[in-house]
Amino acid sequence: MISEQTILITGANRGIGLELSDQFAADGWVVLACCRNPANAEALQTLANRYPALELHALEVTDYAQMSSLSAQLRERSIDILLSNAGIYGPRGANFGRVKAADWREVFEVNSIAPMMLVQAFVEQVAASRQKLVAVMSSKMGSIADNGSGGSYIYRSSKTAVNQVVRNLSIDLAGRGISVLSLHPGWVQTDMGGANAEISVGDSAAGLKTILQVAGPEQNGQFLEFNGDPIPW
Ligand SMILES: NC(=O)c1ccc[n+]([C@@H]2O[C@H](COP(=O)([O-])OP(=O)(O)OC[C@H]3O[C@@H](n4cnc5c(N)ncnc54)[C@H](OP(=O)(O)O)[C@@H]3O)[C@@H](O)[C@H]2O)c1
């Protein structure tokens, strides 16, 4: 019998994280669905009722004490895919002349620092798994090579920074057989992407899931779009 595979997803209560939780659970995966406030996460609760293997866990990704407690609680579990998905955009219109330092710090904490802390907290559970994959939901807006339009200093730089974290981890954890990659979900119709975005959350998650379920050492250190295309750093 093939043993169960497990994915941990942060920011699982809405948007891309919620849809990925649904799609992985439908495929028979154990889903450790993390969100800030499980008691208010109605859509996730509905999924947990539908899929007994979907578990809700409280995690504010910048609360590193809570992260450490959750890791201790899950210390006997193996995590095939550790997916850092939670993210924020920060104030809209943070263009030249309108960037506030406090806003920048807040976005950096969530988008750049917390993903690193998540990997440090859960690396043993990933190392104990079969697939041994860490994935970070980044954004093409973090690509320096792709930046032809400027603006959005805060969000762009937070994703550029986390891309460097991914690249570093892909080198530092390779010896333990752990693969690490950055993902761009496309411009997706979520609260963050807005109603005018190019693709549905279902299509984005389906593409991401296809990448995630097979990714391994060959994808280590890559930055991939939801359709599998590589993105220049
Ligand atoms: N949508 C796009 O077009 C797009 C494009 C490129 C990249 N991305 C990236 O994809 C990821 C998911 O985006 P989305 O479109 O699904 O966004 P979304 O609909 O705004 O959802 C964001 C999720 O992150 C959670 N979150 C935010 N801060 C958190 C924190 N401090 N602790 C725990 N959870 C937190 C939110 O939880 P709450 O409900 O508690 O706030 C929510 O579950 C993000 O990393 C985003 O940067 C999105």
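The values are calculated or read from the model by the stated rules, or taken from the named source; none is laboratory data. Remember, it's a predicted structure, so these values are computed and weren't measured experimentally. Note that we place each Cβ from the backbone using ideal geometry, even for glycine, and neighbour counts take in every protein chain shown. In case anyone asks, the SASA skips ligands and DNA or RNA and just uses the protein heavy atoms, side chains included. Shrake-Rupley method; radii C 1.70, N 1.55, O 1.52, S 1.80 Å.
Most fluctuating residue of THR62, THR160, THR46 in a GNM of the chain with Cα springs under 10 Å: which is it? Looking only at THR62, THR160, THR46, the biggest GNM fluctuation is shown by THR46. Judged by the mean number of other Cβ atoms found within 10 Å, the most tightly packed of the peptides 138-149, 30-41 leads the ranking 30-41, 138-149.
Local charge sum around ALA26 (other residues, Cβ-Cβ under 12 Å, Lys/Arg +1, Asp/Glu -1)?
Counting the neighbours of ALA26, the net charge comes to -1.
Tally Lys and Arg at +1 and Asp and Glu at -1 over the other residues with C-beta under 9 Å from the C-beta of LYS132: what net charge comes out? Intermediate values should be presented prior to the final figure.
Working: positive: ARG130, ARG176; negative: ASP80.
Once all neighbours under 9 Å are counted, the net charge is +1.
Computed over every Cα-Cα pair of the range 6-225 and binned at 5 Å starting from 0, the pair-distance distribution P(r) comes out as 1, 7, 15, 20, 22, 17, 10, 5, 2, 0, 0 percent.
Backbone geometry of the range 145-158 corresponds, through the Karplus equation with coefficients 6.51, -1.76 and 1.60 at θ = phi - 60°, to 3J(HN,Hα) couplings of 5, 8, 6, x, 10, x, x, 6, 3, 5, 5, 3, 5, 5 Hz, x marking Gly and Pro. For the chain, the relative contact order works out to 18 percent when only alpha carbon pairs closer than 8 Å and six or more residues apart are counted. Considering only GLU109, GLU218, GLU124, the Gaussian network model of the chain with Cα springs below 10 Å gives its largest mean-square fluctuation to GLU218. Summing Lys and Arg as +1 and Asp and Glu as -1 over all other residues whose Cβ lies under 11 Å from the Cβ of MET192 gives a net charge of +1. Take the chain with all the other protein chains still there, run a 1.4 Å probe, and you get 47 Å² of accessible area per residue.
Taking the charge dipole of the range 6-225 about its Cα centre, with +1 at Lys and Arg Cβ atoms and -1 at Asp and Glu Cβ atoms, the residue from VAL107, GLY97, ILE199 reaching farthest to the positive side is GLY97. A Förster radius of 30 Å combined with the Cβ-Cβ distance from ASN196 to ALA58 puts the calculated FRET efficiency at roughly 0.35. Looking at the square roots a ≥ b ≥ c of the eigenvalues of the Cα gyration tensor of the range 123-216, which shape do they give, rounded for a/c under 1.5, prolate if a/b is larger than b/c, or oblate? Oblate, because a/c is 1.5 or more while a/b does not exceed b/c.
Write down the percent of antiparallel bridges among all DSSP beta bridges whose residues are both part of the chain, to the nearest 5.
The antiparallel fraction comes to roughly 5 percent.
Please report, as a whole percent, how much of the solvent-accessible surface of the chain comes from carbon and sulfur atoms (probe radius 1.4 Å). On the chain, the fraction of accessible area on carbon and sulfur atoms equals 50 percent. Between the beta carbons of ALA102 and ARG130, assuming R0 = 30 Å, the FRET efficiency works out to 0.10 to the nearest 0.05. In a simple Cβ point-charge model (Lys, Arg +1; Asp, Glu -1; nothing else charged), the chain has a dipole of about 460 debye relative to its Cα centre. The phi torsions of the range 122-136, fed into the Karplus equation with coefficients 6.51, -1.76 and 1.60 and a -60° offset, translate into couplings of 10, 4, 5, 5, 5, 4, 7, 8, 7, 7, 6, 10, 10, 10, 10 Hz, rounded to whole numbers, with Gly and Pro shown as x. Label-to-label distance, ASP27 versus ALA39, with points set 7 angstrom from Cα along the beta-carbon direction: 3.4 nm. Between 0 and 90 degrees, the angle of helix 15-26 with respect to the longest Cα principal axis of the chain falls at about 20 degrees.
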